[in-house]
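Undergrad: Attaching a single structure in structure tokens format; questions to follow.
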Amino acid sequence: MAVLQQLIFALVLGATYGLIAVGLTMVYGILKILHVAHAGIYALGAYIALSVLQHLTPNFWGALAIAMLTTGLAGVLIYRGVYYYTLRRSRIVPLIVSIGIFTAMNELFRLVAGPYQHSFPAKPGLPTLITPYFVITSKQLLILILTAAFLIALYLILNRTKVGLAWQACSQDLEMAGAMGVNVDWAVALNFFLGSALAGAAGVLMALYRNMVYPTMGHVVAYKAFVVVVLGGFGSVRGCILAGLLLGVVETFLGSLEWFEFPRDAIAFLVLILVLMFRPKGLFGRL
Amino acid sequence: MWCKLGLALLVILALGTFGIAEGNIKIGLFVPLTGFAAADGHSALVGAQIAVDLINAAGGINGRMVELVYYDDAARADQASAIARKLIEQDQVVIGISGSYSTPTRAAAAIFQQAGVPMISAYAIHPSIIETGHLIFRVGMGAPVEGIAGGHLAVEKLGAHRIAILSMDNDFGVSLSEYFKQTVLGLGAEIVFEKRYSLGESEFREVLSSIRGANPDLIWATAYYAGAANIVSQARELGITATILGQEGYDSPKFIELAGEAAEGVIIVTDLNRDSERPVVQQFLAEFQARAGIPADMVGASAFDAVKVAAYALAQVGTDPEDIAAAINGIRHMDDVVTGPFYAFLGREAIRPVEVQIVQGGAFHFFHTYTDPTIIIPPGL
């Protein structure tokens, strides 16, 4: 029973890791830049949903939709307003710019909404599943269902639509894709929109799960999502989701052991070092 | 040209000297206003400002107004030491106050001690802070006292036999748990589970599942309020009904807001009694709420008290560092503080009753007070 219950915790945790990292891996796949500000987008999603809940509507779904739309647009803004002008420079330039944006976003959240943690006043309206073997609370159920829905939708977009095809072309060779008639600018902007909207959704779901929104909530996410991206094999969406789930399972299993006192957030890096030593293209990478 | 510059310089110098001779009494404060500790830093700043404003409204210190000079240390040791130098050399403060965490406070304390300027730590509780030297003081309650009081409370008052310990893996969390553990073992209780977690952790479900398996009747979990809210709400979500015993890290209205229903019945060992009828407490609680927009927490109260202690010493003996140190050491029965009354300063630490509060109806309330000297005086004094 205990094992099944732990598996539920692991799935929920892993699902959120995957959801955050998938946008990052999409950006990396096409532009080959490390988009650190993605973690700021994650926190932005939580703040937008919070202010919608406080000022507009107590409806969770409305808040989620507005947060995803806003974070999607914010992602496009970051691309078109900033990254766009750095793409022809050394890769270190967009990286540093990205760190700058992330830091600025953190401080902006603090200045606008204050340094304190806010509680997240939403009820998802789903039942709590109680079985003899495990319990899934309504929030956990919501995270699992929504993540699955988002990822299935993403899979369909990637594989069944023209946009998906354009992204695949762009990720293979940006200039060649452009030469072959792909509107690269639009393809990349849409890519940012979708990836950022998913990160925003992840932020809303975590705010709900932990009942907490605060300026630095993206900090751990900022580096852990990179680990997931690397483990998943830079730019592979499927690998990224598998890596997120795997990380969730490893963290949860080790965390449940009484004698294991290594910090949770260090586990990801330990795994990262091992993988880079023995399988530098990532666990699920094709490269 | 050079002549004019020289003249300007002279004027500036003259103004500077004038300012020092006749101006305000400067108290220096370093607080984390940005970064992960910004919330605590903000509370500490508000607490300190309330104290300064109250002192000035009552006519200042022997007729001179108090000026609070503060800088943001982002809870970082390197910034805190740079700020300590700035406060001492540039602002020429007569006393420093730490409204920050243990690591930056240790760094700054060394510089204050070296420069011969007294410093008071508000709520940073690492033992080595006051071991820095004879000019470094602390108003917050030390970890040994809090842990020992928690141990007596758990076994003698709450009747716990099977205890689980979950410790935050930093100076604060570990030293609290060490003294707690020694005390409960000495009183005959059994430790059925023990584990550390790292600072910043927010997912406790897996470790709480293991704790549920060990079937404790009481859980001692050290945490700051955000982590505490996670621990408490996730424990109740898993159906754990054991009493949860916390410490001053829980002591924030934010804990109750974030944990919601799950906070009910949680008991904490702290130094702030919100039900106290002493006027200074009620005045502070109201003023803090008005200025910060949230109810007062332990951090703000401790910073308030640090300024009060500094002002008391300055009023007694003036600005000589050695005299200030002697005046603080000589404090007996100081009632004009929020986390008090302070019975005395022993070993440069405030000795005061240990308060036990319980969450009921969405607020902290009185549960018990320890005044027994064997509990409230740190071991070894």
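Undergrad: Considering every pair of different Cα atoms, what Kirkwood radius, in Å, is found for segment A:137-187?
TA: About 12.4 Å for segment A:137-187.
Undergrad: Next question. Relative contact order for segment A:116-204: what percent, with Cα pairs under 8 Å and sequence separation of 6 or more?
TA: RCO, segment A:116-204: 14 percent.
Undergrad: Rank the residues B:Asp251, B:Asp53 as a footprinting-exposure proxy: fewest other Cβ atoms within 10 Å of their Cβ go first.
TA: Result, fewest neighbours first: B:Asp53, B:Asp251.
Undergrad: Using only Cα atoms, locate the centre of segment B:230-261 and the centre of segment A:224-257, then give the distance between them in Å, rounded to an integer.
TA: 29 Å
Undergrad: Along the charge dipole of the protein assembly as shown, pointing to its positive end and built from +1/-1 on Cβ of Lys, Arg, Asp and Glu, which listed residue (B:Pro378, A:Gly239, A:Gly200) has its Cα farthest out?
TA: Final value for the positive-end residue is A:Gly239.
Undergrad: I've got another one for you. Would you kindly calculate the translational diffusion coefficient of the protein assembly as shown, applying Stokes-Einstein with the Kirkwood radius from alpha carbon pairs, for 25 °C and a viscosity of 0.890 mPa s, and quote it in µm² s⁻¹ without decimals?
TA: For the chosen part, D equals 91 µm²/s.
Undergrad: Another question about this same structure. Rounded if a/c is under 1.5, else prolate if a/b beats b/c, else oblate: with a ≥ b ≥ c from the C-alpha gyration tensor eigenvalues square-rooted, which is segment B:134-207?
TA: Oblate, because a/c is 1.5 or more while a/b does not exceed b/c.
Undergrad: I need two numbers for chain A: Rg to one decimal and Dmax as a whole number, Cα atoms only, in Å.
TA: Over chain A's Cα set, Rg and Dmax evaluate to 18.6, 59 Å.
Undergrad: Right, next: Return the calculated 222 nm mean residue ellipticity for chain B, to the nearest 500 deg cm²/dmol, obtained by summing -39500 (n - 2.57) across DSSP H runs with n ≥ 4 and dividing by the residue count.
TA: Per the formula, -14000 deg cm²/dmol.
Undergrad: Per 5 Å bin, what percent of the C-alpha pairs of segment A:1-88 does each bin hold, from zero upward?
TA: Distribution as computed: 3, 13, 17, 18, 16, 14, 10, 6, 2, 1, 0 percent.
Undergrad: If you average the sequence gap of Cα pairs under 8 Å that are 6 or more apart and divide by the length of chain B, what percent do you get for the contact order?
TA: Relative contact order, chain B: 16 percent.
Undergrad: Oh, and also: Which of B:His365, B:His333 has the fewest other C-beta atoms within 10 Å, and how do the rest follow up to the most?
TA: The most exposed by this proxy come first: B:His333, B:His365.
Undergrad: How tilted is helix B:171-186 with respect to the longest principal axis of chain B? Cα atoms for both, answer in degrees (0 to 90, nearest 10).
TA: 40 degrees
Undergrad: Let me ask something additional. In segment B:275-317, if every C-alpha pair distance is counted and binned at 10 Å from zero, what percent goes to each bin?
TA: Computed distribution, short to long bins: 26, 49, 22, 3.
Undergrad: Right, here's the next one. Taking N as the number of residues in chain B, what is its Cα Rg relative to 2.2 N^0.38 Å?
TA: In units of the globular-protein estimate, chain B measures up at 1.03.
Undergrad: Then there's this: For the residue pair A:Leu4 and A:Leu165, what label-to-label distance in nm results when each label sits 7 Å from Cα along the Cα-to-beta-carbon direction?
TA: In this crude spin-label approximation the distance works out to 4.6 nm.
Undergrad: While we're here: Give the dimensionless ratio obtained when the Cα radius of gyration of segment B:309-374 is divided by 2.2 N^0.38 Å.
TA: Expressed relative to 2.2 N^0.38 Å, the Cα Rg reads 1.40.
Undergrad: What distance in nm separates the two pseudo spin-label positions at B:Glu264 and B:Asn215, each 7 Å out from Cα along the beta-carbon direction?
TA: According to this spin-label approximation, the distance is 2.7 nm.
Undergrad: Using DSSP, restrict attention to beta bridges with both residues in the protein assembly as shown and report what percent are antiparallel, rounded to the nearest 5.
TA: Roughly 35 percent of the DSSP beta bridges within the protein assembly as shown come out antiparallel.
Undergrad: Among rounded, prolate and oblate, which fits segment B:70-173 when a ≥ b ≥ c are the square roots of the eigenvalues of its C-alpha gyration tensor, a/c under 1.5 means rounded, and a/b larger than b/c means prolate?
TA: Prolate.
Undergrad: Next up: What residues of segment B:104-148 lie in the reach of a label at B:Ala315, counting those whose backbone N is under 19 Å from a point 7 Å from the Cα along Cα→Cβ?
TA: Counting only backbone N, you get B:120, B:139.
Undergrad: Give me B:Arg138, B:Arg332 sorted ascending by neighbouring Cβ count inside 10 Å, so fewest comes first.
TA: Least to most surrounded, the residues fall as B:Arg332, B:Arg138.
Undergrad: Taking every DSSP beta bridge with both residues inside chain B, roughly what % is antiparallel (nearest 5)?
TA: 35 percent
Undergrad: Quick one: dipole size for chain B, taken about the Cα centre, charges +1 on Lys/Arg Cβ and -1 on Asp/Glu Cβ, in debye to the nearest 20.
TA: That gives chain B a dipole magnitude of about 400 debye.
Undergrad: If you don't mind, there's one more thing I want to ask. If you scale each eigenvalue of the Cα gyration tensor by 5 and take the root, what three semi-axes come out for segment A:174-236, rounded to whole angstrom and sorted largest first?
TA: 31, 15, 9
Undergrad: Pick out, from B:Gly200, B:Met119, B:Gln92, the residue whose Cα sits farthest towards the positive end of the charge dipole of chain B, with +1 on the Cβ of Lys and Arg and -1 on the Cβ of Asp and Glu.
TA: B:Gln92
Undergrad: Now for a different question. Roughly how large, in nm² to one decimal, is the mean projection of the convex hull of the alpha-carbon atoms in segment A:165-205?
TA: 2.9 nm²
Undergrad: Going by a ≥ b ≥ c, the root eigenvalues of the Cα gyration tensor, does segment B:170-273 fall in the rounded group (a/c under 1.5), the prolate group (a/b larger than b/c) or the oblate group?
TA: rounded
Undergrad: Per-residue ellipticity at 222 nm for chain A, helices alone: DSSP H runs ≥ 4 residues times -39500 (n - 2.57), over residue total, nearest 500 deg cm²/dmol?
TA: Using -39500 (n - 2.57) per qualifying helix, the result is -24500 deg cm²/dmol.
Undergrad: I need the Debye-formula profile for segment A:200-287: one equal scatterer per C-alpha, no solvent, reported as log10 I(q)/I(0) at q = 0.14, 0.23 1/Å, two decimals.
TA: -0.55, -1.18
Undergrad: Is there a quick way to get the dipole size of segment A:137-287? I mean about its Cα centre, with the Cβ of Lys and Arg at +1 and of Asp and Glu at -1; what is the value in debye to the nearest 20?
TA: Charge dipole of segment A:137-287: 300 debye, to the nearest 20.
Readers should treat all values here as calculations from the given coordinates under stated rules, not as data from a laboratory. Keep in mind the model is a prediction, meaning the values are calculated, not measured. Note: ideal-geometry Cβ built from the backbone for every residue, glycine included; neighbour counts use all protein chains shown.
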